Amino acid sequence: MTMGIDYQRLYEYRFRDVDQASRQAVWEEIATHLYRSMGAPTKVLDPAAGRCEFINAIPAAERWAVDTMDNREFRDSSVKAIVGDILEAELPPTYFDGVFVSNFLEHLPTQDSIGAVLAALNTAMEPGGTIAVLGPNFRYCARKYFDCADHTLALTHVAVAEHLYAAGFEVTAVTPRFLPYSFRGLLPPSPLATRIYLRTPALWRVLGEQFLVLGIKPGKRALA
């Protein structure tokens, strides 16, 4: 019999020493920064929401979260949740003007799987919408990249930019070094420290080990 990873137990172990309230407070700062970078979208989708730190924090009028695990204990009650695989989720077409993909693509089994996911997200987005992809940059954290049991693909900012373009997006910004690798790294779990960090790009070039790649779906947004 073939058995897959028990992700519930995996993440319980991985985050056993992480204070969730502090983690959420830090994400409040990160989400505010990303919200501005994405052009203040009104309908935002997080296709691999995990414990929902980002989607809880972003000040969008409408927020959707998709994940294979039902993390309702962490999720804000006003977030619309779909429990399941993003490729099987019933999403409205040409609907979202903001999509945030965080620490997800490196978990997929193949490069073609990344293409399929990004194509599905493109279909769900309205023209002119922004997609933001955040993830560990193998170029800068290779020694610890595969310490995570569920990392399967080694990705860099260059590869992700290529994937976005191949999926029909126009790449608008590539930041090779943005956030530190994890909340157990050099960035303290402090909102004030995070705010200062995000306002100081010089620090990114020293401490950043995750990329941030932005793209837009070509076309003009429909008038409200």
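With respect to the conditions (1) open to solvent by less than 20 Å² (accessible area, probe 1.4 Å); (2) under 13 Å from the mean Cα position of the chain (by Cα); (3) over 19 Å from LEU179 (Cβ atoms), ILE30 falls short on a single one, namely (3).
Per-residue answers, yes or no, for (1) closer than 30 Å to TYR197 by Cα; (2) touching a residue at least 60 places away in the same chain (Cβ under 8 Å); (3) part of a loop (DSSP other than H, G, I, E, B); (4) of a type in the set (Val, Ile, Thr):
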site	(1), (2), (3), (4)
GLU12	yes, no, no, no
ALA21	yes, no, no, no
LEU34	yes, yes, no, no
ALA40	yes, no, yes, no
ALA65	yes, no, no, no
ALA81	no, no, no, no
GLU90	no, no, yes, no
PRO93	no, no, yes, no
VAL99	yes, no, no, yes
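Report yes if GLU106 is outside any loop (DSSP other than H, G, I, E, B), closer than 30 Å to ALA142 by Cβ, acidic (Asp, Glu) and open to solvent by less than 60 Å² (accessible area, probe 1.4 Å), otherwise no. For GLU106, the condition - outside any loop (DSSP other than H, G, I, E, B), closer than 30 Å to ALA142 by Cβ, acidic (Asp, Glu) and open to solvent by less than 60 Å² (accessible area, probe 1.4 Å) - is met.
Of the residues ILE58, ILE82, ILE86, the single one that is open to solvent by 20 Å² or more (accessible area, probe 1.4 Å) and either aliphatic (A, V, I, L, M) or at pLDDT 95 or above (or both) is ILE82. Of the residues that sit in the range 126-162 and are touching a helix residue (DSSP H, G or I) at 6+ places or on another chain (Cβ under 8 Å), outside any helix (DSSP H, G or I) and free of Cβ contacts under 8 Å to residues at least 60 places away in the same chain, which one is least open to solvent (accessible area, probe 1.4 Å)? Among those that are touching a helix residue (DSSP H, G or I) at 6+ places or on another chain (Cβ under 8 Å), outside any helix (DSSP H, G or I) and free of Cβ contacts under 8 Å to residues at least 60 places away in the same chain, it is LEU155.
The single residue among TYR165, TYR181 that is at pLDDT below 95 and touching a strand residue (DSSP E or B) at 6+ places or on another chain (Cβ under 7 Å) turns out to be TYR181.
The values are calculated or read from the model by the stated rules, or taken from the named source; none is laboratory data. Predicted model, so just to flag it, every value in this text is computed and none were measured. Please note: Cβ atoms are built from the backbone with ideal geometry, for glycine as well, and neighbour counts cover all protein chains shown. Remember, those area values only see protein heavy atoms, side chains included, never the ligands or the DNA or RNA. Shrake-Rupley method; radii C 1.70, N 1.55, O 1.52, S 1.80 Å.
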